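J.: Next up is a structure, given as structure tokens.
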Amino acid sequence: MSTESSFSKDLNEISLFSDAKWDNACKIILSYKPILARIMSECIPEYQGCDPQEIIDHYIEEGTGSLELIHGKSQENVSVKNGKVILDLVYYARLPGSEEKIGLVINIECQSEYNPGYPLLKRAGYYVSKEVVAQKGRVFEGNHYGDLVKTYSIWICLNPPKYRQNIVKKYNMTEDGDEGYQEPKENYDFITIIMINLGKESTGIARMLWVLLLEIDLDKKKQILEQEYGIKMTKEMEGDAAYMSGISTYFIDQGVKQTQGECAYRLMKAYNYTFEEAMLFFQVPEEEWEECHAIVKSLQNDKTHSMQ
């Protein structure tokens, strides 16, 4: 299977019925270098002015190829459909003008629930702190804390409150206090949290991510990604993108969540899956199959009657 086809397959699997699979599918899509390069060029100051292809070729891990998945430091997956997962989307990046293999640590998170019962920003602070601690033994050894590199934690918020939509916020460490001396910035500016709040009327990087993750009009998705962001989709990829429409279960912008039976019906109708194959695909517990089957039969009957 070509890398391009793999990319589109993963793109289409972005909308699975469980929160865990939704989160995992988002991480897979965001693991593609063209997507990461766009995020880096628009959100991380160290890459401002860099062409996304330059970032792909020189600054994101090793290797080349415009549709390569990054390897990441704790990645386990290749495909949602095969049942594997990305535990964390954390990867190393080179800095422009530097020969060091690791210049930054970048963590990407995709969050569907904006108010999970605690301040999301505090969770982001916890995550980025973990990644700083994890550098010992990976980025530096012993007490060589001077070799610590800056860590970015970038949070893509899919469904923020309306007053926060289409807003990108950055949080970092700054120096404050009486005059007398000034600490070199690199000694304290080693943590940054970026919150990208999506919305249907988004612009810039928030628009690209909204289209990538939430737009369900396939022609519109293809047109915007290709024409505005240079992310090419082949005819094969375009055909694969219909898969997303066939199995989509989350329409966050519309606030609708499909039932498992409805998901199964859509998949069976669009791609000739059997009922059992649809249940296995969505990992529906066997004790719920009977209820789902009743929903599928009802939808099939409704469709048959509407055509008579």
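The values are calculated or read from the model by the stated rules, or taken from the named source; none is laboratory data. This is a predicted model, so every value here is computed, not measured. We place every Cβ from the backbone using ideal geometry, glycine too, and count neighbours over all the protein chains shown.
J.: Report, by residue number, each residue of the range 71-116 that is crowded, with 21+ Cβ neighbours inside 10 Å and at pLDDT below 50.
T.: Across the range 71-116, the qualifying residues are 80, 86.
J.: Looking at 269, 232, which one is modelled with pLDDT under 75, surrounded by 13 or more Cβ atoms within 10 Å (Cβ to Cβ), over 25 Å from residue 197 (Cβ atoms) and of a type in the set (Lys, Arg)? Even if it seems obvious, please write down each step before you answer.
T.: Details: 232 fails: modelled with pLDDT under 75.
It is 269.
J.: Related question: Which numbered condition trips up residue 146, out of (1) surrounded by 10 or more Cβ atoms within 10 Å (Cβ to Cβ); (2) free of Cβ contacts under 8 Å to residues at least 40 places away in the same chain; (3) not in a loop (DSSP other than H, G, I, E, B)?
T.: So residue 146 meets the others, but not (1).
J.: I'd like to know if the range 203-212 contains one or more residues that are modelled with pLDDT of 85 or more, surrounded by 19 or more Cβ atoms within 10 Å (Cβ to Cβ) and either part of a strand (DSSP E or B) or not assigned by TED's automatic domain parsing to the domain that holds residue 31 (or both).
T.: No: the range 203-212 contains no residue that is modelled with pLDDT of 85 or more, surrounded by 19 or more Cβ atoms within 10 Å (Cβ to Cβ) and either part of a strand (DSSP E or B) or not assigned by TED's automatic domain parsing to the domain that holds residue 31 (or both).
This table checks each residue for (1) among the charged types (D, E, K, R); (2) without any contact (Cβ under 8 Å) to a residue 60 or more places away in the chain; (3) in contact with a helix residue (DSSP H, G or I) (Cβ under 9 Å, 6 or more places away or on another chain).
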position: 157; (1), (2), (3): no, yes, yes
position: 161; (1), (2), (3): no, yes, no
position: 176; (1), (2), (3): yes, yes, no
position: 181; (1), (2), (3): no, yes, no
position: 187; (1), (2), (3): no, yes, yes
position: 195; (1), (2), (3): no, no, yes
position: 198; (1), (2), (3): no, yes, yes
position: 202; (1), (2), (3): no, yes, yes
position: 206; (1), (2), (3): no, yes, no
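J.: Can you find even one residue in the range 277-291 that is in contact with a Gly (Cβ under 8 Å, 6 or more places away or on another chain), farther than 24 Å from residue 29 by Cα, modelled with pLDDT of 80 or more and surrounded by 14 or more Cβ atoms within 10 Å (Cβ to Cβ)?
T.: Among the residues of the range 277-291, not one is in contact with a Gly (Cβ under 8 Å, 6 or more places away or on another chain), farther than 24 Å from residue 29 by Cα, modelled with pLDDT of 80 or more and surrounded by 14 or more Cβ atoms within 10 Å (Cβ to Cβ), which makes the answer no.
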